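Notes follow once the structure below has been shown.
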Amino acid sequence: MHGIAFASNIWAAKTGGSDNQSHGPFHDYVYWYTANKALVDAGAKVISSSWGTFVSTLDRTRYDGLGNDLGVNGNLANAYQTGGKDSVSPTANASIIPNEYQKDLEYQYFFFKKSYSLGGEQYNPNYPGLSFMDAIWNAIKVTGTVNSRSAGNNDWSNPYFRPAYPFFNPWAENQFIAVGGVQPPTATNPEYTKQYQYNEAGLAKWWYVSAPSTNVLSLGSSSDIATTNFGGTSAAQPVDTGVMGVLLSRYPNMNAMQVRELMFTTANNKMTDGVRFLGTGQTSPTGQSIAWTAPDGLPDLRWGWGIPDLNKGMYGPGQFLSPMTYNMNKAPLDVWSNNISQIAIKARQQEDLAWLAGYKSQGIAYAGEYSPNVLNPDGTLNKHAFMLQAILADNYIQALTGGHPELYDKIPYQDAQNWRKEWMDARAAYIQSKIDNGLYTASLVKQGPGTLVMTGDNTYEGLTTVEGGKLSINGANAGSIAVHGGNLGGSGIVDGSIDVVRGVLQPGFTAEEAADAQHLIQVVIAPGNVLTVGGDVRIGRAGKVAATVRSANDYTSVEADGNLVLDGEFILDVQGSLAQGTVLTIMKGSSIKGSFDKLPENRAWQTGGYLFRVSYLNNSVTLTVMHAVPPTSPPGQG
């Protein structure tokens, strides 16, 4: 997309309407489900769209909430939210639907619900209350396909309802991306600039990124080879989709949801000096700072996660935003050299638990006041109510309302209460489900036959589990590692413990492995022999330890600060000559309990052309070379 994801497969589905229908809840549920399902069935991993938010009202400085024309500035005293977030003019957004606060976004959610419910313009008795946004979600939710949507171009603190859909439908969050706009660097300004006229991250910060939205070179409509420049978040959003396409090709073992999280956590939040946050020293037309204000590692209210960074994205995740299962059943080798943290998942946990506590104690009142377009409890109109554009002249709405279209866009108080409870109950259930299923833990499960090499300083504290293939730790890993199949190797540091229930602990990283890793992503990783462990090392009955010996001073080993608990098999690969009396310290710890299978203390053990003496004294597993053992001649020879 936009010249980013070359050689990608692109499928297109018609929207089923004209541009006049592109910005409101006017789309048929069945059509949009069918269209999106067709894209999914064709193989689309990311669906890109910028349609579907109602953005216009009658001029709120002139028209009252029933659409009466009060003349120039006749309604100014009661006009609701006429200025944008950063616009100089106090009436710049007088004809744009308010979207500055949660209550404004909630109103759009209410209006979608009303439009697709009984009495609404798009009511379908077979799918009551389900909007075209629900159709998109229902088409993708069991497939893993990600929906990427533009945030809107109207200078508000939040994206419109469609990109903010997961705020009210939280189960959809892991498959949604909201995309805002930034001014790309120019000859006179080498920095990205947050464009004030575009909707910012706000309540959608956890699934929002910023992308270039000015002079984006794209294919034109005049021919197959014509190009032209486009702008707005409708241009920024396909840039994000193109980035997803490149990352999906880089990580064939990841699904689109995992690549989405990788894109978020490797996005750039710094200026060109790599030190100052985005927007430092920059201001909006009102003089307000547009600088990034979130702590490093967290999404920002203006910028979201930042600007997708394909370079950093080549080197693995920057954080785990949820427990990750990485099944390497396609590409045989992957190398992650980014430092993987848990900053965001822990901050999200705190934020979600605070919200859940607030809802439990206050109920729906916790969401605050309603939009002025929600009727008062007695059915009267709020004096700050407004009139959505095109409602009064719509003949179908005239018929639906018995000639009173001025109330069609108003939400009855009881409906607002019911629908608010619906989305808040859904959010509470989602948070509780994450608690119950341990989804606020940053962890990794390595599956499949491939080899994963991790070289970063990883500070996530959740468990890393190896279930297949090989995991090689060549940086630092803060948490513990459990092996339930496959191999664990490397010459880095595991701050936690290692528990080999089933599988092989195989310390070390060979020169051949280093060369293969460097060839994949051009990161230099030094070979090494010693895997260092900060905690205990436990080798279960079905577990194994495998060491390689090339010489008296070149062999693989494990050094642990904690205890060694041994009850499995030991395998030794001798690849060089050893002198009699050589002592090899294969494992070292603060204490040793147990022994390797069939290798008790002082056992003489013949393997690899040598006879060794096995010992567990002095909290170490040592092998002493007794002498070489000549190879046995085949029968009839010698």
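Within region 386-428, the set of residues being of a type in the set (Ser, Thr, Tyr) and over 30 Å from Leu356 (Cα atoms) comprises Tyr396, Thr401, Tyr408. Within region 566-595, being within 43 Å of the chain's Cα centre (by Cα) and surrounded by 18 or more Cβ atoms within 10 Å (Cβ to Cβ) holds for Leu566, Gly568, Phe570, Leu572, Ile586, Met587, Lys588, Gly589, Ile592. In region 477-499, the residues that are in the same structural domain as Gly462 (by TED's automatic domain parsing) and modelled with pLDDT under 95 form no Cβ pair under 7 Å with any partner that is surrounded by fewer than 24 Cβ atoms within 10 Å (Cβ to Cβ) and aliphatic (A, V, I, L, M), whether six or more places apart or across chains. Pairing residues of region 203-223 that are on the phi > 0 side of the Ramachandran plot with residues that are surrounded by 13 or more Cβ atoms within 10 Å (Cβ to Cβ), at Cβ distances under 8 Å and at least 6 apart in sequence or on separate chains, gives Asn215/Pro184; Asn215/Gly231.
When you scan region 401-408, do you find a residue that is of a type in the set (Phe, Trp, Tyr), assigned by TED's automatic domain parsing to the domain that holds Phe111 and in a helix (DSSP H, G or I), even just one? Checking region 401-408: not a single residue is of a type in the set (Phe, Trp, Tyr), assigned by TED's automatic domain parsing to the domain that holds Phe111 and in a helix (DSSP H, G or I). Restricting region 388-436 to residues that are among the polar types (S, T, N, Q) and closer than 18 Å to Tyr107 by Cβ leaves a set whose member that is surrounded by the fewest Cβ atoms within 10 Å (Cβ to Cβ) is Gln414. Check Lys330 against each of (1) basic (Lys, Arg); (2) over 23 Å from Asn93 (Cα atoms); (3) in the same structural domain as Gly180 (by TED's automatic domain parsing) and name the one condition it does not meet. Among (1) basic (Lys, Arg); (2) over 23 Å from Asn93 (Cα atoms); (3) in the same structural domain as Gly180 (by TED's automatic domain parsing), Lys330 violates only (3). Scanning region 379-393 for residues that are touching a residue at least 24 places away in the same chain (Cβ under 8 Å) and of a type outside the set (A, V, I, L, M) yields Gly379, Asn382, Lys383, His384, Phe386, Gln389. Candidates in region 155-170 are the residues that are surrounded by fewer than 24 Cβ atoms within 10 Å (Cβ to Cβ) and closer than 25 Å to Gly83 by Cβ; of these, the one that is nearest to the chain's Cα centre (by Cα) is Ser157.
Counted as qualifying within region 174-291 are no strands (runs of 3 or more DSSP E), as none has 3 or more residues that are crowded, with 22+ Cβ neighbours inside 10 Å, hydroxyl-bearing (Ser, Thr, Tyr) and more than 14 Å from the chain's Cα centre (by Cα).
Within region 522-534, if we keep just the residues that are of a type in the set (Gly, Ala, Ser) and part of a loop (DSSP other than H, G, I, E, B), the residue that is surrounded by the fewest Cβ atoms within 10 Å (Cβ to Cβ) turns out to be Ala526. Going through region 30-76 one residue at a time, which ones are in a helix (DSSP H, G or I), touching a helix residue (DSSP H, G or I) at 6+ places or on another chain (Cβ under 7 Å) and modelled with pLDDT of 95 or more? Within region 30-76, Tyr33, Asn36, Lys37, Val40 qualify. Within region 466-521, being in a loop (DSSP other than H, G, I, E, B) and farther than 19 Å from Thr325 by Cα holds for Asn474, Gly475, Ser491, Gly492, Asp495, Gly496, Ser497, Thr510.
The values are calculated or read from the model by the stated rules, or taken from the named source; none is laboratory data. Computed from a prediction, not measured in an experiment: that's the story for all the values here. Counting neighbours? That spans all protein chains shown, and the Cβs are built from the backbone with ideal geometry, glycine included.
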